[in-house]
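Undergrad: One structure coming up, written as structure tokens, with questions to follow.
The values are calculated or read from the model by the stated rules, or taken from the named source; none is laboratory data. Model, not experiment: these values are computed from the prediction. FYI the Cβ positions are ideal-geometry reconstructions off the backbone, even for glycines, and counts take in every protein chain you see.
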Amino acid sequence: MATDAPVARDSSRAARPGTSQAEDVIRMGMRRRDFLAVSLALAVVPAVDEDDWQGVPRVVAVGDVHGDKDALAAVLKMAGVIDAQERWTGGATHLVQVGDIPSRGPQTRQAFDLVMRLETEAAAAGGRVHCIIGNHDAGVIYGDLRNIIPEEYGEFRQPGSEQRLLKAYEQHLASLKQAGHLPSNAAELDYLKKDWFERHPPGFVEHREAFAPSGPYGSWIRRHNAVIKINDTLFAHAGISPSFANRSQRSINTAIRSELADPDRLLPGMTTNVQSPLWYRGLAEGDEKELRPHVEAVLRFHGVQRIVIGHTVTRTAIMPRHDGHVVDIDIGISRFFGRPPACLVLEKPSPYVLHRGKRIPLPARGQQAEYLRAVEAADEKPSPVSRLLEEMDVKR
């Protein structure tokens with residue numbers, strides 16, 4: 001059993017031009033057994049979530065969770081889809097979580113357990129829970145663990161974890177010896193051991209088993225989608241780039257699920273491609289004028305009015321861009337970013353944002369400043385929105 005998948009936590013390391021950091025992780029020596037992390041057979045994926053829904057009366061969309069179940073629950077309570085006991089009360093509402101449930105927070109397992117239970121409860125009540133596959137959700141399957149903190153492994157710790165970890169270390173030494181890379185002196189061996197155990201805390205082996213392609217959490221992620229359409233809105237974790245502008249959500253979802261089931265399909269592939277719906281940041285950061293033809297083409301191709309994304313943390317609040325045709329809902333609700341509870345609600349007669357419980361209509365074209373002032377008024381003082389408004393005034 002190999003457990004030496006890369007686990008460095010430096011998220012600042014830049015990827016090589018034209019690649020994602022995930023691709024670099026794989027190219028830096030992750031072999032097939034590293035990808036699996038445990039010797040588990042690939043399982044047949046259960047029925048996948050549908051990727052096109054029409055006639056949905058109410059949609060609540062929530063940004064990246066990043067290991068903070070409490071923050072997620074606070075937003076869901078604010079939106080009225082769960083009660084104080086964290087049970088589904090949303091009726092026919094469709095909840096969309098736009099990806100990145102794990103990493104950077106100590107409640108990753110609790111967050112997964114919550115949405116997995118709510119998925120069942122919502123379906124029984126006539127609603128749905130849709131969890132989009134993000135780059136971090138995919139990463140915990142194929143071994144990109146740079147932002148996983150020790151507490152996340154600790155959630156999977158069991159009696160006997162230390163013994164399993166020691167066995168994994170011994171197997172790591174055996175593989176190094178077989179490859180002719182085992183250090184020859186005691187000092188280097190001591191450093192190797194210390195470094196390995198620092199990067200592989202108790203619970204690591206169980207974590208890798210749980211998120212393996214056939215593990216309980218890994219297989220659950222794999223039956224979800226990277227792109228879905230509900231009514232007149234397209235949801236993706238990061239966005240749709242020009243490279244994938246003419247790919248249907250069905251073909252995108254099929255490709256990513258296939259790659260997550262089999263490491264041999266990852267490179268070359270879509271899952272680790274910096275332009276894929278799991279990684280692309282152009283819709284959130286690119287020049288709106290330059291991207292206008294592309295955004296309009298994506299809207300036409302998918303037959304939607306807007307694209308809702310996460311992945312790129314906004315500076316202040318849920319941020320409409322491209323005249324409201326793109327909405328970035330990753331406000332950074334987790335304790336890692338420390339932002340307030342906020343979500344997007346799509347229902348008749350018009351969509352709106354819930355920010356700290358205050359209902360704020362999405363702005364019409366040219367009304368961005370008015371929208372941000374409403375967010376500022378809802379915030380605790382001093383509001384981070386104030387600085388953004390000042391910058392907007394200076395640009396005028």
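Undergrad: Within region 92-112, how many residues turn out to be in contact with a Lys or Arg (Cβ under 8 Å, 6 or more places away or on another chain) and either within 19 Å of LEU344 (Cβ to Cβ) or not polar (S, T, N, Q) (or both)?
TA: Of the residues in that region, 6 qualify.
Undergrad: Just one of the numbered conditions (1) under 25 Å from PRO263 (Cα atoms); (2) touching a residue at least 24 places away in the same chain (Cβ under 8 Å) is not true of LEU176; which one?
TA: For LEU176, the exception is condition (2).
Undergrad: Would you confirm whether any residue within region 277-293 is crowded, with 16+ Cβ neighbours inside 10 Å, more than 26 Å from ARG104 (Cα to Cα) and among the hydrophobic types (A, V, I, L, M, F, W, C)?
TA: Scanning region 277-293 turns up at least one residue that is crowded, with 16+ Cβ neighbours inside 10 Å, more than 26 Å from ARG104 (Cα to Cα) and among the hydrophobic types (A, V, I, L, M, F, W, C).
Undergrad: Then there's this: With the structure loaded, tell me whether VAL48 is closer than 26 Å to ILE252 by Cα, of a type in the set (Val, Ile, Thr) and modelled with pLDDT under 95 or whether it fails that test.
TA: So VAL48 fits the description; yes.
Undergrad: Still on this structure: Please work out if GLY366 is small (Gly, Ala, Ser), touching a helix residue (DSSP H, G or I) at 6+ places or on another chain (Cβ under 6 Å) and either within 24 Å of ARG306 (Cα to Cα) or at pLDDT 95 or above (or both).
TA: On the way: small (Gly, Ala, Ser): yes; touching a helix residue (DSSP H, G or I) at 6+ places or on another chain (Cβ under 6 Å): no; either within 24 Å of ARG306 (Cα to Cα) or at pLDDT 95 or above (or both): yes.
So GLY366 fails the test.
Undergrad: Shifting gears a bit: Can you report the number of residues in region 61-75 which are surrounded by fewer than 24 Cβ atoms within 10 Å (Cβ to Cβ) and either part of a strand (DSSP E or B) or in contact with an Asp or Glu (Cβ under 7 Å, 6 or more places away or on another chain) (or both)?
TA: 1
Undergrad: Within region 374-392, does at least one residue satisfy the condition of being within 20 Å of VAL308 (Cβ to Cβ) and surrounded by 13 or more Cβ atoms within 10 Å (Cβ to Cβ)?
TA: Looking for residues that are within 20 Å of VAL308 (Cβ to Cβ) and surrounded by 13 or more Cβ atoms within 10 Å (Cβ to Cβ), one finds at least one in region 374-392, hence yes.
Undergrad: I'm trying to understand the selection: among the residues of region 151-170, which are more than 19 Å from the chain's Cα centre (by Cα), of a type outside the set (Gly, Ala, Ser) and assigned to a helix (DSSP H, G or I)?
TA: Listed by number, the residues that qualify are GLU162, GLN163, ARG164, LEU165, LEU166, LYS167, TYR169, GLU170.
Undergrad: Return the residues of region 348-361 that are closer than 21 Å to ASN231 by Cβ and under 24 Å from the mean Cα position of the chain (by Cα); say none if nothing qualifies. Even if it seems obvious, please write down each step before you answer.
TA: Going residue by residue through region 348-361, those that are closer than 21 Å to ASN231 by Cβ are 348-354, 359-361.
Once the filter is applied, which keeps residues that are closer than 21 Å to ASN231 by Cβ and under 24 Å from the mean Cα position of the chain (by Cα), region 348-361 yields PRO351, TYR352, VAL353, LEU354.
Undergrad: Restricting attention to region 152-197, which residues are at positive phi and either at pLDDT 95 or above or of a type in the set (Asp, Glu) (or both)?
TA: If the condition is that a residue be at positive phi and either at pLDDT 95 or above or of a type in the set (Asp, Glu) (or both), then GLY160 is the only one that fits.
Undergrad: Further, regarding this structure: Please determine, by comparing only the residues of region 221-258 that are out of contact with any Asp or Glu (no Cβ under 8 Å at 6 or more places or on another chain) and under 17 Å from HIS136 (Cβ atoms), which one is surrounded by the fewest Cβ atoms within 10 Å (Cβ to Cβ).
TA: Filtering first and then ranking leaves ARG257.
Undergrad: Another one. Cβ-Cβ distance below 9 Å, separation of 6 or more or different chains: which pairs start in region 361-372 with a residue that is on the phi > 0 side of the Ramachandran plot and end on one that is surrounded by fewer than 17 Cβ atoms within 10 Å (Cβ to Cβ) and modelled with pLDDT of 90 or more?
TA: What qualifies is GLY366/ASP323.
Undergrad: Which pairs do you get when a residue that is surrounded by 18 or more Cβ atoms within 10 Å (Cβ to Cβ) and in a loop (DSSP other than H, G, I, E, B), found in region 77-92, comes within reach of a residue that is among the acidic types (Asp, Glu) and modelled with pLDDT of 95 or more, reach meaning Cβ atoms under 7 angstrom, with the pair 6+ apart or on two chains?
TA: Partner pairs satisfying both residue conditions: THR89/ASP83.
Undergrad: Residues of region 294-304 being closer than 20 Å to ASP51 by Cβ and either of a type outside the set (A, V, I, L, M, F, W, C) or surrounded by fewer than 12 Cβ atoms within 10 Å (Cβ to Cβ) (or both), which ones?
TA: Hits for region 294-304 are ARG300, HIS302, GLY303.
Undergrad: Looking only at region 97-108, count every residue that is surrounded by fewer than 24 Cβ atoms within 10 Å (Cβ to Cβ) and either of a type in the set (Val, Ile, Thr) or without any contact (Cβ under 8 Å) to a residue 60 or more places away in the chain (or both) and tell me the total.
TA: Residues meeting the conditions: 1.
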